[in-house]
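The values are calculated or read from the model by the stated rules, or taken from the named source; none is laboratory data. On a predicted model such as this, the values are computed, not experimentally measured, just so you know. For neighbour counting, all protein chains shown are included, and Cβ atoms are generated from backbone atoms with ideal geometry for every residue, glycine included. We work out accessible area using only protein heavy atoms, side chains counted, and drop any ligands, DNA or RNA first. Shrake-Rupley method; radii C 1.70, N 1.55, O 1.52, S 1.80 Å.
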Amino acid sequence: VMYLPAEGVAAFTAHLTGTPSNPIVEADIQSPYVAYENITATDVATHLKYQDNAVYLSNIRANTFGGTVTGSAELMAMDLSFNAHLTVDNVEVSQFSDYVPVLAEVDGRLFGDVGISGDVVDMPILQAKARLSQEIIQCLKRYEPRAQIQKIEFEADATGRLIPRLEVNILASE
């Protein structure tokens with residue numbers, strides 16, 4: 001049994017098909033308020049589909065961090081690997097200061113697309129660091145080509161979660 005430190009209420013309509021050995025569940029879920037650890041969201045909605053030991057979330061929408069987040073995600077039940085695509089719209093940068101303390105001093109709004117890959121779950125630590133470094137470099141090249149990465153280091157917390165720390169120089173625009 002897995003415990004998620006989440007709270008909130010939700011309403012849903014669900015449809016169950018498939019077979020007992022391979023059920024298919026589809027549901028539309030809405031919640032006025034959801035909190036996970038220290039992240040809160042309001043007006044949350046998504047379409048969920050469970051099929052072939054995978055959970056698919058589409059049409060995700062939530063108001064959080066002073067803006068709106070939309071997107072989709074998939075989670076593989078067998079190994080807990082996941083992929084997600086999120087679009088952030090008008091999110092307040094300083095609200096991320098709990099996660100990136102230097103952002104407490106930054107004023108502004110964030111707009112953009114973010115791809116998140118969780119397929120490094122249960123990888124050997126050196127392989128996971130290499131894969132995450134590669135993804136960070138690719139994302140920065142795509143979304144902020146002025147960024148020059150000086151250093152990528154990782155810290156591991158008590159649960160084994162890798163937390164990247166980047167040293168980046170931003171080149172002046174021409």
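Could you please find all residues in segment 136-150 being open to solvent by 90 Å² or more (accessible area, probe 1.4 Å) and assigned to a strand (DSSP E or B)? Within segment 136-150, just GLN150 meets the criteria. Selection over segment 162-173 of residues that are surrounded by 10 or more Cβ atoms within 10 Å (Cβ to Cβ) and either in a loop (DSSP other than H, G, I, E, B) or within 18 Å of the chain's Cα centre (by Cα) (or both) gives a count of 5. The listed residues are THR42, THR46, and the only one of them that is surrounded by fewer than 14 Cβ atoms within 10 Å (Cβ to Cβ), at pLDDT 95 or above and either assigned to a loop (DSSP other than H, G, I, E, B) or out of contact with any His (no Cβ under 6 Å at 6 or more places or on another chain) (or both) turns out to be THR42.
Report whether or not LEU126 is loosely packed, with under 12 Cβ neighbours inside 10 Å, at pLDDT 85 or above and not hydroxyl-bearing (Ser, Thr, Tyr). It is true that LEU126 is loosely packed, with under 12 Cβ neighbours inside 10 Å, at pLDDT 85 or above and not hydroxyl-bearing (Ser, Thr, Tyr). Within segment 132-163, track down each residue that is modelled with pLDDT of 85 or more and touching a Ser or Thr at 6+ places or on another chain (Cβ under 8 Å). If the condition is that a residue be modelled with pLDDT of 85 or more and touching a Ser or Thr at 6+ places or on another chain (Cβ under 8 Å), then ILE152 is the only one that fits. Of all residues in segment 124-135, which are part of a loop (DSSP other than H, G, I, E, B) and under 19 Å from the mean Cα position of the chain (by Cα)? None; the set is empty.
How many residues, within segment 151-161, are more than 28 Å from VAL55 (Cα to Cα) and either surrounded by 11 or more Cβ atoms within 10 Å (Cβ to Cβ) or touching a His at 6+ places or on another chain (Cβ under 8 Å) (or both)?
Residues in segment 151-161 being more than 28 Å from VAL55 (Cα to Cα) and either surrounded by 11 or more Cβ atoms within 10 Å (Cβ to Cβ) or touching a His at 6+ places or on another chain (Cβ under 8 Å) (or both): 3 in total.
Residues in segment 49-60 that are loosely packed, with under 15 Cβ neighbours inside 10 Å and either over 23 Å from PHE111 (Cα atoms) or out of contact with any Lys or Arg (no Cβ under 8 Å at 6 or more places or on another chain) (or both): GLN51, ASP52, ASN53, ALA54, ASN59. The set of residues in segment 77-99 that are open to solvent by 40 Å² or more (accessible area, probe 1.4 Å), over 25 Å from ILE24 (Cα atoms) and not in a strand (DSSP E or B) comprises GLN95, PHE96, ASP98, TYR99. Which one is most open to solvent (accessible area, probe 1.4 Å) among residues in segment 100-116 that are at pLDDT 75 or above and within 18 Å of the chain's Cα centre (by Cα)? Residue satisfying both the conditions and the ranking: PHE111. A single member of GLU26, GLU74 is acidic (Asp, Glu), over 18 Å from the mean Cα position of the chain (by Cα), surrounded by 14 or more Cβ atoms within 10 Å (Cβ to Cβ) and in a strand (DSSP E or B), and it is GLU26.
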